[in-house]
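First the structure, in the form of structure tokens, and then the observations on it.
The values are calculated or read from the model by the stated rules, or taken from the named source; none is laboratory data. Just so it is clear, the model here is predicted, and its values are computed rather than measured. Positions of Cβ are backbone-derived with ideal geometry, glycine not excepted, and every protein chain shown enters the neighbour counts. Areas reflect the complete protein model, heavy atoms only, side chains present, ligands, DNA and RNA absent. Shrake-Rupley method; radii C 1.70, N 1.55, O 1.52, S 1.80 Å.
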Amino acid sequence: MTLKILMIEDDTSVAEMMGMFFKKENWEQDVAVDGIEAVEMFKANAKKYDLITLDLNLPKKDGIQVAKEIRQISPTIPIIMLTARGSESDQVLGLGVGADDYVSKPFSPIALIARIKALHRRVMMEETQFKEEQTQISDDFDIKTDHLKISKVRREVLFDDHAVTTLTPKEFDLLYTMAQKPKQVFSREQLLELIWGYEYYGEERTVDAHIKKLRQKLEKVGPQVIQTVWGVGYKFDDSQINK
């Protein structure tokens, strides 16, 4: 597995250390030392990179803004955020703007490499599955509820025939998973296992951050259909919405 990684990190000692570990894996690394440089480097050649590691505390432009701008360029490039230990609000915010995972500083280089490998494997599996499904594209929808229609192959969501747009891959997968079984309550642990996979190293608040963003996008076209079941988890239910 050969990867090209964009490491956005203003601490040169961290970047140099990870560069040595990446080299042992036969991975290539480019380094951006501030937020403005990072966005410019990625915009100049987005297809060059397989994955991004992004420090939250950057000069000139912070990691949250960088993540937003990168997501506008590429909705799918895998992003691992590097955050200060214990900064839960930063972690949730980072996941909310499109990061796929986070690692708390100080971190073990071996642990970061393990996360990169797990995330890359998951992305490759999803891309393979998507390509296979493209050969079976039709106008049919996999899921039809009282108000919602979802096509997994086309990654299309209609709410009362209004398109729900700009869903990230994880937001789509969350909605698809819950809408398959309306009214069934899914715990955070179940959603982590079903959507992120058993190799996912994040924590349960990852689900909360993605649910929040999913709800915001659904509310643009209709009433809220993702319900919180306190102390348990979440469920999809559109049966009480007036037709």
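So what is the orientation-averaged projected area of region 138-236, using the convex hull of its C-alpha atoms, in nm²?
6.2
Convex hull over the Cα atoms of the chain, averaged projected area in nm²?
Numbers: hull surface 54.6 nm².
In nm², the orientation-averaged hull projection of the chain is 13.7.
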*Acute angle (nearest 10 degrees) that the helix 63-73 long axis makes with the longest principal axis of the chain, alpha-carbon atoms*: 60
_Folded to 0 to 90 degrees: helix 12-24 orientation relative to the chain principal axis, Cα_ = 80
_Prolate/oblate/rounded label for region 15-54 (Cα gyration tensor, a/c 1.5)_ = oblate
_Gap separating the Cα centres of region 1-69 and region 147-196, nearest whole Å_ = 31
_What number comes out for accessible area per residue over the chain if the probe is 1.4 Å? Units Å², please._
51
*In the full protein assembly as shown, how much of residue 210 is accessible to a 1.4 Å probe, in Å² to the nearest 10?*
10
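What percentage of the solvent-accessible surface of region 138-236, computed with a 1.4 Å probe over protein heavy atoms, is contributed by carbon and sulfur atoms? Provide the component values of the computation, followed by the final result.
Working: 2300 of 5080 Å².
Answer for region 138-236 is 45 percent, counting heavy atoms of protein chains only.
What shape does region 4-127 have by the C-alpha gyration tensor, where a ≥ b ≥ c are the square roots of the eigenvalues, rounded means a/c under 1.5, and otherwise prolate means a/b greater than b/c and oblate the rest? Can you show the working numbers first?
Working: a/c = 1.15, a/b = 1.06, b/c = 1.08.
Because its axes are fairly even, with a/c under 1.5, region 4-127 counts as rounded.
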*asked:* Which order do the peptides 222-235, 49-62, 8-21 come out in when sorted by mean C-beta neighbours inside 10 angstrom, highest first?
replied: 49-62, 8-21, 222-235
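Whenever you get a sec, compute what percent of the accessible area on region 4-127 sits on carbon and sulfur atoms (1.4 Å probe).
Details: 3020 of 5660 Å².
Of the solvent-accessible surface of region 4-127, carbon and sulfur hold 53 percent.
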*asked:* Going Cα to Cα from residue 144, which aspartates and glutamates come in below 16 Å? Please leave out same-chain ones fewer than 8 positions away.
replied: 156, 160, 161, 173, 237, 238
*Taking a point 7 angstrom from the Cα of residue 126 along the C-beta vector, which residues in region 45-86 have backbone N less than 15 Å away?*
50-52, 71-72, 74-81
*222 nm [θ] for the chain, helices only, -39500 (n - 2.57) per DSSP H run of 4+, per residue, to 500?*
-12500 deg cm²/dmol
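Compare 124, 178 by solvent-accessible area with a 1.4 Å probe and give them largest first, with all protein chains kept in place.
Numbers: 124 75, 178 0 Å².
Largest accessible area first, the residues go 124, 178.
Order 63-76, 29-42, 154-167 from most to least packed using the mean count of other Cβ atoms within 10 Å. Provide the component values of the computation, followed by the final result.
Numbers: 63-76: 17.6, 29-42: 19.5, 154-167: 15.1.
Highest to lowest by the protection proxy: 29-42, 63-76, 154-167.
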*Treating the angle as unsigned and between 0 and 90°, give the value, to the nearest 10°, between the Cα long axis of helix 205-218 and the longest Cα principal axis of the chain.*
50
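Which entries in 43/212; 117/217; 68/217 show an alpha-carbon gap greater than 23 Å?
Numbers: 43/212 28 Å; 117/217 30 Å; 68/217 16 Å.
From the list (43/212; 117/217; 68/217), the Cα-Cα distance tops 23 Å for 43/212; 117/217.
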